[in-house]
1. Sort out which residues of segment 127-166 are within 16 Å of ligand 1 (Cβ to nearest atom) and surrounded by fewer than 16 Cβ atoms within 10 Å (Cβ to Cβ), and write them in order of number.
2. Could you pull out the residue among Val24, Val52 that is at pLDDT 95 or above and under 16 Å from Asn75 (Cβ atoms)?
3. Only one residue in Ala175, Ala105 is modelled with pLDDT of 95 or more, of a type in the set (A, V, I, L, M, F, W, C) and in contact with an Asp or Glu (Cβ under 8 Å, 6 or more places away or on another chain). Which one?
4. Among the listed residues Glu8, Glu37, Glu80, identify the single one that is touching a residue at least 60 places away in the same chain (Cβ under 8 Å) and of a type in the set (Asp, Glu).
5. In segment 1-11, which residue that is over 15 Å from the mean Cα position of the chain (by Cα) and modelled with pLDDT of 95 or more is least open to solvent (accessible area, probe 1.4 Å)?
6. Please find, among Cys72, Cys91, the residue that is of a type outside the set (Ser, Thr, Tyr) and closer than 23 Å to Tyr9 by Cβ.
Amino acid sequence: MARLPILEYPDPRLRTRAEPVAQVTDELRQLVRDMFETMYAAPGIGLAATQVNVHKRLLVADVSEDHDQPVCLINPEIVEREGTTTYEEGCLSVPGFTDSVERSAWIKVESLDQNGDPQIVEAEGLLAICIQHEMDHLEGKLFVDYLSELKRSRLKKKILKQRKLNPTAPEPASAPLS
Ligand code: GNR
Ligand code: NI
């Protein structure tokens, strides 16, 4: 088991569109276990492979208090959605920042499970929000992309200021604040 490093905004690798998983191998199952460990340790309610610099279409989530409702979706596709809901979202890749985002209130998702078998998940509430947030990561999209220009420019300023105050933090190789 291993905890994996999580990429942080504005790292350009978070903008990568993930590729479909061709085959659910033992190696992929190990990645899934490491992603659960990383998510629970963070702590977070979801984690997309993109965030640990693996650009494959898989995500893990667990919105339960007792960490006893793990969900793993491989090659997820939303096939039905209904209603809208707004929630104050955060992201492990944008630490220290939250804002409200509108999502579908109910979704039906087709995917593969950890055994490579097809599964259909219907979700509402926080799980529905979390799955949509994670699926955005697989498209290279972050919740801050839904913010107004004004809010995002304030966020950029805040991050630049943090970097100045903490010069030991690693500088992203090439990270234009988008
Ligand atoms: O831990 C997380 N909490 C959260 C809260 C509201 C909406 C979405 C999330 S997902 C986030 C973990 C994360 O960044 N997953 O990509
Ligand atoms: Ni996130």
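The values are calculated or read from the model by the stated rules, or taken from the named source; none is laboratory data. This one's a predicted model, so the numbers in the text were calculated from it and none came from an experiment. Every residue, glycine among them, receives a Cβ derived from its backbone with ideal geometry; neighbour counts consider all protein chains shown. Note: accessible area is taken over every heavy atom of the protein model, side chains too, but ligands, DNA and RNA are not part of it. Shrake-Rupley method; radii C 1.70, N 1.55, O 1.52, S 1.80 Å.
1. Glu139, Asp145
2. On the way: Val52 fails: under 16 Å from Asn75 (Cβ atoms).
Sole residue among the options that is at pLDDT 95 or above and under 16 Å from Asn75 (Cβ atoms): Val24.
3. Details: Ala175 fails: modelled with pLDDT of 95 or more.
The unique qualifying residue is Ala105.
4. Glu8
5. Of segment 1-11, the ones over 15 Å from the mean Cα position of the chain (by Cα) are 1-3.
Then keep just the ones that are modelled with pLDDT of 95 or more; that gives 2-3.
On the way: Ala2: 38, Arg3: 167 Å².
Only one residue tops the list, namely Ala2.
6. Details: Cys72 fails: closer than 23 Å to Tyr9 by Cβ.
Exactly one residue qualifies, and that residue is Cys91.
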